[in-house]
Amino acid sequence: MPGPDTTAFTPPPTHIAIIMDGNGRWATARGLPRTAGHKKGVDAVRHAIEGARELGVRFLTLYSFSTENWSRPEDEVSTLMQLLRFYLRGEIAKLHKNGIRLRVIGDRSRLSSDIQALIENSEALTANNADMTLVLALSYGGRQELVDAARKLAQAVERGEMTPGDITPDTFARELTTGGDIPDPDLMIRTSGEKRISNFLLWQLAYAELVFLDTLWPDFTRRDLEAAIQEFHRRERRFGATVGSR
């Protein structure tokens, strides 16, 4: 994919979602433990957030830890949780200063109580910020999110609060963890060269443009973000309509 023309950079999509992949391979290629790749990946997170905010992105969602990641070796999971603690303790003040609101989606019940408290405090501190919303998908799985939404609607029908006929795409979407104030992503980026979405925002990515970069996540920079946005603007989004009809 050609690099960006920064002299004529076009406005970014409203919502960008990123699957941050390749930390382990980055470390292995350097003869380092996988945990070193995760630590280096934190720098790329900073680049992504700073770049997105400076470019005018309104929503940035980062796939930080999936439900499947719980099955990784205990020491790797422990390192990831420690990095999460470090981030929530050390970076939230900067996010707040820069007008960034934090939202976390996923199954918080599997996170330790201190991390849950850090998340709640961070969300409360940044709740009124309006420059950009950073969404961290933690202990998140798209299939489980769909199951949970279906269960909530079934319970509402059982209570007599609605009928099956009241269930529409809009009512279903409102029961998702992103329902209400987070729009569907316009662009999904995955690093490391893998070309799949790995149980990430299965409903919300229905009409997103997908861009796959060969860059490993620890090497991700603002230039990679700009290149993906330029690729997004080269595409025609038809949402099921015919060519040239939109």
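The values are calculated or read from the model by the stated rules, or taken from the named source; none is laboratory data. Just so you know, these numbers come straight off a predicted model, no measurement behind them. FYI the Cβ positions are ideal-geometry reconstructions off the backbone, even for glycines, and counts take in every protein chain you see. The area values use the complete protein model at the heavy-atom level, side chains included, leaving out ligands, DNA and RNA. Shrake-Rupley method; radii C 1.70, N 1.55, O 1.52, S 1.80 Å.
Within region 1-16, if we keep just the residues that are part of a loop (DSSP other than H, G, I, E, B) and modelled with pLDDT of 95 or more, the residue that is nearest to R101 (Cα to Cα) turns out to be T14.
Selection over region 179-190 of residues that are open to solvent by 70 Å² or more (accessible area, probe 1.4 Å) and either charged (D, E, K, R) or assigned to a helix (DSSP H, G or I) (or both) gives a count of 1. Checking the structure you have, find out if any residue of region 116-125 is closer than 16 Å to S64 by Cα and touching a Gly at 6+ places or on another chain (Cβ under 9 Å). Within region 116-125, none of the residues are closer than 16 Å to S64 by Cα and touching a Gly at 6+ places or on another chain (Cβ under 9 Å).
To keep it simple, each residue is scored yes or no on (1) open to solvent by less than 10 Å² (accessible area, probe 1.4 Å); (2) closer than 26 Å to G142 by Cα; (3) modelled with pLDDT under 95.
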site	(1), (2), (3)
I18	yes, yes, no
E50	no, no, no
L60	yes, yes, no
S64	no, yes, no
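In region 21-115, counting only helices (runs of 4 or more DSSP H) that sit wholly within it, the ones holding 1 or more residues that are over 16 Å from S192 (Cα atoms) and free of Cβ contacts under 8 Å to residues at least 40 places away in the same chain span 34-55, 74-90, 92-97.
Within region 198-224, being surrounded by 15 or more Cβ atoms within 10 Å (Cβ to Cβ) and touching a Phe, Trp or Tyr at 6+ places or on another chain (Cβ under 9 Å) holds for N199, F200, L201, W203, E209, V211, L213, L216, W217, P218, D219.
When residues in region 103-120 are screened for being of a type outside the set (A, V, I, L, M, F, W, C), within 11 Å of R85 (Cα to Cα) and loosely packed, with under 14 Cβ neighbours inside 10 Å, 2 of them pass.
This table checks each residue for (1) touching a strand residue (DSSP E or B) at 6+ places or on another chain (Cβ under 9 Å); (2) open to solvent by 40 Å² or more (accessible area, probe 1.4 Å); (3) modelled with pLDDT under 95.
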| site | (1), (2), (3) |
| --- | --- |
| D148 | no, yes, no |
| G160 | no, yes, no |
| G165 | no, yes, no |
| T171 | no, no, no |
| R174 | no, yes, no |
| T177 | yes, yes, no |
